[in-house]
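Computed from the coordinates by the stated procedures, all read-outs in this text should not be read as laboratory data. Everything numeric here is computed off the predicted structure, so don't read it as measured data. Cβ: placed from backbone, ideal geometry, glycine included. Neighbour counts: every protein chain shown.
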Amino acid sequence: MKLRVAHTPDADDAFMFYAMVEGKIPLSFEIEHFTEDIETLNRMAFEEDLDVTALSLHAYAYLDEKYRILSAGASVGNGYGPIVVAKRETDLEGKKIAIPGRFTTAYLYLRLAIENFEPIEMRFDKIMEAVKRGEADAGLLIHEGQITYRDHGLVKVLDLWDWWFNKTRLPMPLGVNVISRKLSEEIQRKFLEDMKKSIEYALNHPDEAARYAMRYSRGMDFEKTKRFAMMYVNEYTYEMPEDVVKAMEKLFEMSSRAGITKKPRLDIL
């Protein structure tokens with residue numbers, strides 16, 4: 001059986017999928033593997049065009065009837081997360097802020113943190129240049145931009161991790177891997193086993209997995225690539241603990257109270 005499996009073209013996702021994609025572990029299925037930026041994957045998931053995909057937790061609020069969350073593969077911030085940058089210190093209320101997609105979890109956090117701003121949607125890897133050119137007053141950064149923004153002469157004006165942790169004292173859930181409900185329970189569980197094996201291999205062979213992930217590093221050197229990948233592939237990624245589930249529940253409680261999303265059914269395999 002062949003499964004369509006998608007992840008983002010980013011070092012952390014590449015790191016965790018390395019063993020699966022490169023044949024380092026035995027698999028229960030043949031994998032048709034491809035990559036797209038996270039907002040593209042979010043939108044593809046609405047069409048149910050994917051068997052397994054990386055998905056923004058925000059998008060899951062609208063897709064809980066179509067997909068189950070895998071307990072392996074989550075991207076969770078712990079001491080770090082999406083940030084907003086600008087050319088100089090600025091008050092973000094009422095400003096134009098470039099965002100990496102309306103279904104990204106980073107955008108959901110930003111909507112909860114800032115009451116009034118004008119979002120300008122663009123690909124995540126175009127945001128810093130847009131801020132530098134003055135096309136936006138500020139930019140919401142995900143992926144490696146969180147650690148490379150200073151190289152572009154930008155300053156951090158809002159740390160969404162700090163905002164979230166001060167309110168909740170919980171880790172910061174951002175992305176999940178989900179699997180289609182069209183697949184049988186047996187297939188879902190077998191894929192979950194394969195996913196855990198792939199993550200375990202990467203964590204046990206970090207240099208090897210990081211060298212592979214460099215093809216998605218967009219100019220970062222090896223040490224930065226490895227550092228970034230292991231920020232988001234960690235103990236939370238191999239097996240989702242209870243405090244991450246609590247954090248997901250809290251996020252959707254806050255977003256539903258604010259009228260942004262409904263409160264989805266958190267069905268975690």
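List the lysines whose alpha-carbon lies under 23 Å from that of Lys96, not counting same-chain residues fewer than 8 positions away?
The qualifying lysines are Lys87, Lys126, Lys132, Lys156.
Mind telling me which of Pro119, Pro26, Pro171 comes out most flexible in a GNM of the chain, alpha-carbon contacts under 10 Å?
With Cα springs under 10 Å in the chain, the top fluctuation among Pro119, Pro26, Pro171 is at Pro26.
Summing +1 for each Lys or Arg and -1 for each Asp or Glu, what net charge is found among the other residues whose Cβ lies under 13 Å from the Cβ of Asp137?
+1
Loop only per DSSP, at most 15 neighbouring Cβ atoms within 10 Å: give me the GluC sites (Glu not before Pro) in region 1-78, ordered by residue number.
Qualifying residues, ordered by number: Glu22, Glu47, Glu48, Glu65.
Tell me which lysines have Cα within less than 20 Å of Lys66's Cα, excluding those fewer than 8 residues away on the same chain?
Result set, ordered by chain and number: Lys2, Lys182, Lys190, Lys262, Lys263.
For Leu170, Leu160, which order do you get if you count the other beta carbons within 10 Å of each Cβ and list the fewest first?
So the residues, fewest neighbours to most, are Leu170, Leu160.
Please go through region 127-184 and write out the trypsin sites (Lys or Arg not before Pro) that DSSP classes as loop and that have at most 13 other C-beta atoms within 10 Å.
Those that pass, being in a loop and sparsely packed, are Arg133, Arg169, Lys182.
How much FRET efficiency would the formula 1/(1 + (r/R0)^6) give for Glu186 and Glu253, where r is the Cβ-Cβ distance and R0 is 45 Å, rounded to 0.05?
0.85
Taking the Cβ of Leu92 as the centre, find all other residues whose Cβ is under 15 Å away and add up their charges (Lys, Arg: +1; Asp, Glu: -1).
Overall, the nearby charge balance is -2.
Give the shape of region 181-269 as rounded, prolate or oblate, defined through the alpha-carbon gyration tensor: a ≥ b ≥ c are the square roots of its eigenvalues, a/c under 1.5 means rounded, and otherwise the shape is prolate if a/b is larger than b/c and oblate if not.
Since a/c reaches 1.5 but b/c is at least a/b, the shape of region 181-269 is classed as oblate.
Given the options Gly175, Gly219, Gly139, state which has the largest fluctuation in a GNM of the chain using a 10 Å cut-off (strictly under) for Cα springs.
Of Gly175, Gly219, Gly139, the Gaussian network model singles out Gly219 as fluctuating most.
Rounded if a/c is under 1.5, else prolate if a/b is larger than b/c, else oblate: which is region 83-168, with a ≥ b ≥ c the root eigenvalues of its Cα gyration tensor?
Here region 83-168 falls in the rounded category.
To the nearest Å, what is the center-to-center distance of region 198-264 and region 99-151, using C-alpha atoms only?
If you average the Cα positions of each part, the centres end up 19 Å apart.
Compute the signed sum of charges (Lys and Arg +1, Asp and Glu -1) over the other residues within less than 12 Å, Cβ to Cβ, of Val176.
Summing Lys/Arg as +1 and Asp/Glu as -1 gives -2.
Within the chain, what percent of beta bridges assigned by DSSP are antiparallel, to the nearest 5?
55 percent
Any idea how many Lys pairs in region 196-260 come in under 29 angstrom at the alpha carbon, given 8 or more places apart or on separate chains?
8
With a Förster radius of 45 Å, plug the Cβ-Cβ distance of Arg133 and Glu30 into 1/(1 + (r/R0)^6) and report the FRET value to the nearest 0.05.
0.50
So which GluC sites (Glu not before Pro) in region 167-269 pass both tests, a DSSP loop state and at most 15 other Cβ atoms within 10 Å of the Cβ?
Glu239
Which value in deg cm²/dmol, rounded to the nearest 500, describes the helix-derived mean residue ellipticity at 222 nm for the chain, given -39,500 (n - 2.57) per DSSP H run of n ≥ 4 and division by the residue count?
It lands at -12000 deg cm²/dmol.
Going by how many other beta carbons lie within 10 Å of each one, how would you line up Ile25, Ile179, Ile120, fewest first?
Ascending number of Cβ neighbours within 10 Å: Ile25, Ile120, Ile179.
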